[in-house]
């Protein structure tokens with residue numbers, strides 16, 4: 001495993017170069033540069049806050065996915081590239097999702113840092129896809145990508161929203177559907193009417209999921225400390241699985 005300082009020195013150039021690979025303008029180049037630097041600096045900061053000091057094997061998979069998401073963000077910022085480039089990169093990133101969790105469990109290296117890292121990458125990927133789809137279907141699509149961040153912002157004023165949620169297959173299904181539907185909408189394989197309908201249904205299911213969990217949290221509210229967008233615990237994870245609430249993952 002690589003220590004913080006070595007991680008920062010070795011991966012900063014890689015992340016910046018990888019996420020600027022599709023630069024074709026000032027906005028695209030700035031997006032790739034800002035994302036690459038933010039990725040390395042925030043992961044290093046998260047490792048320090050968690051008291052770990054090194055990536056585990058699963059974290060490297062998440063980091064690779066994060067680089068792909070950065071490339072997708074730059075393609076969206078650049079515009080003009082063939083859509084299959086964006087669809088291909090996003091498809092790989094989505095296909096890799098879940099591998100990091102399996103590796104973490106099998107190697108006994110599961111941590112709240114790793115779980116949170118994975119969730120932040122997923123959330124940003126959904127937002128990037130929403131930006132692209134909104135160009136053809138309208139700005140209302142951004143509600144899908146921004147809803148999770150709005151929930152986080154609300155938790156600053158209502159700390160009880162940060163409490164853990166009960167396990168729910170419906171919640172996981174709704175979250176997975178968002179990525180699949182958005183990729184299909186980006187690809188353009190569906191007629192505009194069908195794409196509009198699919199994305200609208202995805203948004204409806206997400207509103208239902210957030211609404212249901214918010215009501216449950218309100219009914220079972222307990223006094224908890226406010227959470228930030230990135231909240232890393234300094235104590236080792238002792239429970240077998242990390243079950244986040246919507247303030248941590250959509």
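The values are calculated or read from the model by the stated rules, or taken from the named source; none is laboratory data. What you see is a predicted model; the values in this text were computed from it and never measured. A quick note on method: Cβ atoms are made from the backbone with ideal geometry, for glycine too, and the neighbour counts reach across all protein chains shown.
All conditions in (1) assigned to a loop (DSSP other than H, G, I, E, B); (2) closer than 22 Å to residue 128 by Cβ hold for residue 77, with the sole exception of (1).
I'd like to check something: does segment 166-178 contain any residue that is over 18 Å from the mean Cα position of the chain (by Cα), crowded, with 18+ Cβ neighbours inside 10 Å and modelled with pLDDT of 90 or more? No, there is no match, as no residue in segment 166-178 is over 18 Å from the mean Cα position of the chain (by Cα), crowded, with 18+ Cβ neighbours inside 10 Å and modelled with pLDDT of 90 or more. Is it the case, given these coordinates, that residue 94 is within 26 Å of residue 133 (Cβ to Cβ) and touching a residue at least 60 places away in the same chain (Cβ under 8 Å)? Here the answer is yes, as residue 94 does meet what is asked.
Regarding residue 47, is this residue touching a helix residue (DSSP H, G or I) at 6+ places or on another chain (Cβ under 7 Å) and within 30 Å of residue 199 (Cα to Cα)? Answer is no for this residue.
When restricted to residues that are surrounded by 11 or more Cβ atoms within 10 Å (Cβ to Cβ) and either farther than 16 Å from residue 150 by Cβ or modelled with pLDDT of 50 or more (or both), segment 207-232 contains 16.
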